[in-house]
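Comments concern the structure below.
The values are calculated or read from the model by the stated rules, or taken from the named source; none is laboratory data. The structure presented is a predicted model; accordingly, all values stated were derived computationally and were not measured. Note that each Cβ is placed from the backbone with ideal geometry, even for glycine, and that neighbours are counted across all protein chains shown. For the accessible areas, the whole protein counts, side chains as well, though only heavy atoms, and no ligand, DNA or RNA atoms are used. Shrake-Rupley method; radii C 1.70, N 1.55, O 1.52, S 1.80 Å.
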Amino acid sequence: MKTLSVVLPVYNEEETLKNVLKQIKKVNVLEIIVVANGCKDASVKIAKEEGCTVKVIEKRMSPHEARMEGAKTAKGDAVLFVDGDIILSASELERFVQPLLFEHSDVVLNKWGKMNAFNRSELMWSTVMHHAIGKPHHANAYLKAPYGVLLNVLKNYWELPPLSLFVTFLTQYRVSMSMSIETQGKGSFRPFDRPLRSKERIQSYQQLLQTYYTLASNRKRRVDMLAQPIPVVEHGWGKLSSFYGGKQLSVIVPVCNEEQTIKQVIAEARKLEPLEIIVVINGSTDQSEAYAKEQGVKTLVYDGRLGHDCGRAAGALAATGDILLFIDGDFVLSAQELYPFASAVASGVDVALNVCEDEAKLTHVVQGWKYVLNETVGRKDLLMSSMTAVPHAISRECLQKIGTESLVMPPFAQVKAIIEDFHVQAVHHVDVNKFNRFRYSEHLPLKNHSPTAELIIHDHIFAFLSYLQPD
């Protein structure tokens, strides 16, 4: 049977520390190492009185760094990490470390309990991290105390940030995550601690992505076509509107074989009194082009497929309005559903997004990538709302600043708008999933995800790394 060291970082936890130590002492442990992480209370005194080994750190470290500092002095065969502000029973701790002590595993992780909006962030990061390394997301275990690891494993990875360390465990060692110890809602409330944890997580995630993920190329997008003259074959109808406080609206509709819906799409868009409706014929082989011309709209015709989102960028290049509203040609949305996006931009919003906060889809990896990107750029309030989805609208001023070409990669365009301090807001919810046309070549899952999902994920990775490494 292996021997066990317990590492316990503390930060001003004199109110709970005695009870935490009382439970740990009931377990057969070789030593208890208390890491006083910038403490200013009596925690150090209490730890010494209780016979613990105490390591004092004057300048406060992140929780992960403090745990590793404590583990460097451990003498046991295995190390269990716990928190000083969460009292766990001796029976829980004893059962939790059994796989380590009896050599059934190299690492033990806490299997999370029921997930909800309160811990949505952890769930999202865990989801996208599992996807990035190609591991199924069966359990939401993560490097959050309590967790344990054999010392001869851990000593090889002292300097790894937490996510990279977690990935190393998952990919190279035997990991047990069968037991759940509820810690949610327990412990001290420290809002001032969150920036430190967030920075640590984002930095380690940057390293993880650079190590484990190869960015997709733009071969599925004909970006080169945007540098060529705009092929306007029909100039179309339009009118000056009084709906938008003197501003004028351009509606942009990329189309590929949408003859069944395009007439109705145009009819609804026309109710918005746009200066122009721009239909971008994107490699269509049916009657979409003829129907668009019949309806008297500005028509751009590309014989070959431009690829995802290039049609939007092409339409934006041809647009002359102050407000650009982007919709799709494969499903019909009423003018009543579309108006809030154009109206929001008329009222001062620069990027008006479709509200996406569906709790039922928290574990979908595409939604996860949207969420973590928004959180990374400081817009956690946007949840999963993204320029990847339609409808959305953008102001002329914002478009000129971020560059029309950025629209070919919507998450990147969104990040640029946020960095440039434009007003980005989720303004109205339209459930486009129930309308969106299913295309076998794009939406049928191959391996883990559909080609469209994989493209969207790569776009988010590109935007993520572009934000963290702007040069």
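Would you be able to tell me the number of residues in segment 1-52 that are assigned to a helix (DSSP H, G or I), in contact (Cβ under 8 Å) with a residue 40 or more places away in the chain, among the β-branched types (Val, Ile, Thr) and over 23 Å from HIS104 (Cα atoms)?
Total satisfying the criteria: 2.
Just for segment 374-407: of the residues that are among the β-branched types (Val, Ile, Thr) and more than 19 Å from the chain's Cα centre (by Cα), which one is surrounded by the fewest Cβ atoms within 10 Å (Cβ to Cβ)? I'd like the intermediate steps shown before the answer.
First, the residues of segment 374-407 that are among the β-branched types (Val, Ile, Thr): 376-377, 388, 390, 394, 402, 404.
Then drop every residue that is not more than 19 Å from the chain's Cα centre (by Cα), which leaves 394, 402, 404.
Numbers: ILE394: 29, ILE402: 23, THR404: 19.
Top of the filtered list is THR404.
Might you check whether a residue that is open to solvent by 10 Å² or more (accessible area, probe 1.4 Å) and over 24 Å from ALA227 (Cβ atoms) occurs anywhere in segment 304-313?
No, segment 304-313 contains no residue that is open to solvent by 10 Å² or more (accessible area, probe 1.4 Å) and over 24 Å from ALA227 (Cβ atoms).
Report those helices (runs of 4 or more DSSP H) wholly inside segment 299-377 carrying at least 3 residues which are in contact with a Ser or Thr (Cβ under 7 Å, 6 or more places away or on another chain), of a type in the set (A, V, I, L, M) and closer than 24 Å to VAL232 by Cα.
Because the criterion is at least 3 residues that are in contact with a Ser or Thr (Cβ under 7 Å, 6 or more places away or on another chain), of a type in the set (A, V, I, L, M) and closer than 24 Å to VAL232 by Cα, the helices (runs of 4 or more DSSP H) in segment 299-377 that meet it are 310-318.
How about segment 9-38: which of its residues are buried (at least 24 other Cβ atoms within 10 Å of the Cβ), of a type outside the set (A, V, I, L, M) and either in contact with a strand residue (DSSP E or B) (Cβ under 9 Å, 6 or more places away or on another chain) or farther than 14 Å from VAL82 by Cα (or both)?
Residues satisfying the conditions are PRO9, ASN37.
If you take the residues in segment 232-266 that are assigned to a helix (DSSP H, G or I) and over 18 Å from PHE341 (Cβ atoms), which one is least open to solvent (accessible area, probe 1.4 Å)?
The selected residue is ILE262.
Report, ordered by the first and then the second residue, all pairs with beta carbons closer than 7 Å, sequence separation of six or more or different chains, a first member in segment 164-182 that is without any contact (Cβ under 8 Å) to a residue 60 or more places away in the chain, and a second member that is open to solvent by less than 10 Å² (accessible area, probe 1.4 Å) and part of a helix (DSSP H, G or I).
Cβ pairs passing all conditions: SER164/SER204; SER164/LEU208; VAL167/LEU208.
So PRO229 fits all but one of (1) modelled with pLDDT under 75; (2) out of contact with any helix residue (DSSP H, G or I) (no Cβ under 9 Å at 6 or more places or on another chain); (3) assigned to a loop (DSSP other than H, G, I, E, B); what number is the exception?
Result: PRO229 passes all but (1).
For segment 137-179, give me the residue count where each residue is farther than 25 Å from MET61 by Cα and touching a Phe, Trp or Tyr at 6+ places or on another chain (Cβ under 7 Å).
Summing the residues that are farther than 25 Å from MET61 by Cα and touching a Phe, Trp or Tyr at 6+ places or on another chain (Cβ under 7 Å) in segment 137-179 gives 3.
Give me the pairs: first residue in segment 79-90 and touching a residue at least 12 places away in the same chain (Cβ under 8 Å) and outside any strand (DSSP E or B), second residue open to solvent by 10 Å² or more (accessible area, probe 1.4 Å) and hydroxyl-bearing (Ser, Thr, Tyr), beta-carbon distance under 7 Å, and six or more apart or on different chains, which are they?
Matching pairs, first to second residue: GLY84/THR16; ASP85/THR16; ASP85/SER188; ILE86/THR183; ILE87/THR16.
Taking the stated definitions as given, is VAL56 part of a strand (DSSP E or B), open to solvent by 70 Å² or more (accessible area, probe 1.4 Å) and either within 26 Å of LYS155 (Cβ to Cβ) or β-branched (Val, Ile, Thr) (or both)?
yes
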